[in-house]
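Down below is the structure, laid out as C-alpha cells.
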C-alpha cells in the first residue's frame, strides 16, 4: 500500500537512524585517528555521548579542543589540523564498515525495500560525509544501494549542521517537494529539531545515545522500526503504540496528522 495524503517521499538520517554507527563506529575511528596523530585524546563511550550534542565531526573535534586546550584551539592552523584529523578518521571509519563492524538497525532494510517497491521517493539528509554514507550502504545493502536514493544530502553541502534545518531544506529543494509531501526519519533531538524546523513530520527511532532525549510533538517516538516477532515500542503522537513500522502504519499516521 502506498503513502496517502500526498506523502511522496521518505527522507532518512544516517548515523543512529539507519545503523548504530556512533558508539562502535565513529567513536572508534576518531580514537584511531587521534592515536595515529600522536595525540593524547581518547573519547570513551560516556565522553562521546556528551560530545554528540555537537553535530558534525570537525565541529565536534574543535569543540573538544576548545574545552581541553583553549589556547591551542585558537592557533591559526587549528582548522587545518582538524580537517586532516577528520580525513584520517573517515578513512578508519570506512575501513571499519568495510570489515562488517556495523550493520543496519532492525527494520531498516525491510522498510527501504517496501518503499522502493511502492515507488516512493527516497532521500538522505545527514551531517556525516558522503564517503561514510557510501561505505555504510555499500557494506550493508550492496553496491546498488545508492541507487535507491534519489538525493543524498551529506556533509558540507550546507554550511550549518543540524539542528539547523539547512540540510533538509537542501534535500527538499533538490527533490522539488514541499515538507508536507515527505516524512523524515531521525534518531536524535538535534536531527528531529532540524526536520521540524524545515516543516517536516518525523518518525524518531532512538538508539543507544538518544533514548533519554525529549521528542514531545514528534509524529512518532519509538525504539526502532520493528520486525516480525520483534515489534517496536513507543508512542505515536501521545498514544502508546507497538508494532512494525511499515507503509500501512506510515499512511495511517500521516492521515491522522493531516
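The values are calculated or read from the model by the stated rules, or taken from the named source; none is laboratory data. Given the structure is predicted, the values throughout are model-derived calculations rather than measurements. Here the Cβ positions follow ideal geometry from the backbone for every residue, glycine too, while neighbour counts run over all protein chains shown.
Please count how many residues of region 183-196 are in contact with a helix residue (DSSP H, G or I) (Cβ under 7 Å, 6 or more places away or on another chain) and either over 18 Å from residue 233 (Cβ atoms) or part of a helix (DSSP H, G or I) (or both). Count: 4.
When restricted to residues that are buried (at least 16 other Cβ atoms within 10 Å of the Cβ) and more than 21 Å from the chain's Cα centre (by Cα), region 232-258 contains 5. Restricting 224, 199, 217 to residues that are at pLDDT below 95, surrounded by fewer than 24 Cβ atoms within 10 Å (Cβ to Cβ) and either out of contact with any helix residue (DSSP H, G or I) (no Cβ under 6 Å at 6 or more places or on another chain) or in the same structural domain as residue 126 (by TED's automatic domain parsing) (or both) narrows the list to 217.
When residue 228 is tested against (1) under 22 Å from residue 246 (Cβ atoms); (2) in contact (Cβ under 8 Å) with a residue 24 or more places away in the chain, exactly one condition is not met: (2). Output yes when any residue across region 158-169 is buried (at least 17 other Cβ atoms within 10 Å of the Cβ), in the same structural domain as residue 235 (by TED's automatic domain parsing), under 24 Å from residue 114 (Cβ atoms) and touching a residue at least 12 places away in the same chain (Cβ under 8 Å), and no when none is. Yes, region 158-169 has at least one match.
Selection of region 131-162 for residues being outside any helix (DSSP H, G or I) and touching a strand residue (DSSP E or B) at 6+ places or on another chain (Cβ under 8 Å) yields 149, 150, 151, 152, 153, 154.
Within region 33-42, the set of residues being under 10 Å from residue 85 (Cα atoms) and surrounded by fewer than 21 Cβ atoms within 10 Å (Cβ to Cβ) comprises 34, 36, 37. Exactly one residue out of 131, 150 is surrounded by fewer than 17 Cβ atoms within 10 Å (Cβ to Cβ), in contact with a helix residue (DSSP H, G or I) (Cβ under 6 Å, 6 or more places away or on another chain) and within 26 Å of residue 95 (Cα to Cα), and it is 131. Annotation: residue 71 fulfils all but one of (1) in contact (Cβ under 8 Å) with a residue 60 or more places away in the chain; (2) farther than 24 Å from residue 28 by Cβ; the unmet one is (1).
For the residues 87, 109, the requirement of being in contact with a helix residue (DSSP H, G or I) (Cβ under 8 Å, 6 or more places away or on another chain) and either closer than 24 Å to residue 232 by Cβ or surrounded by 12 or more Cβ atoms within 10 Å (Cβ to Cβ) (or both) singles out 109.
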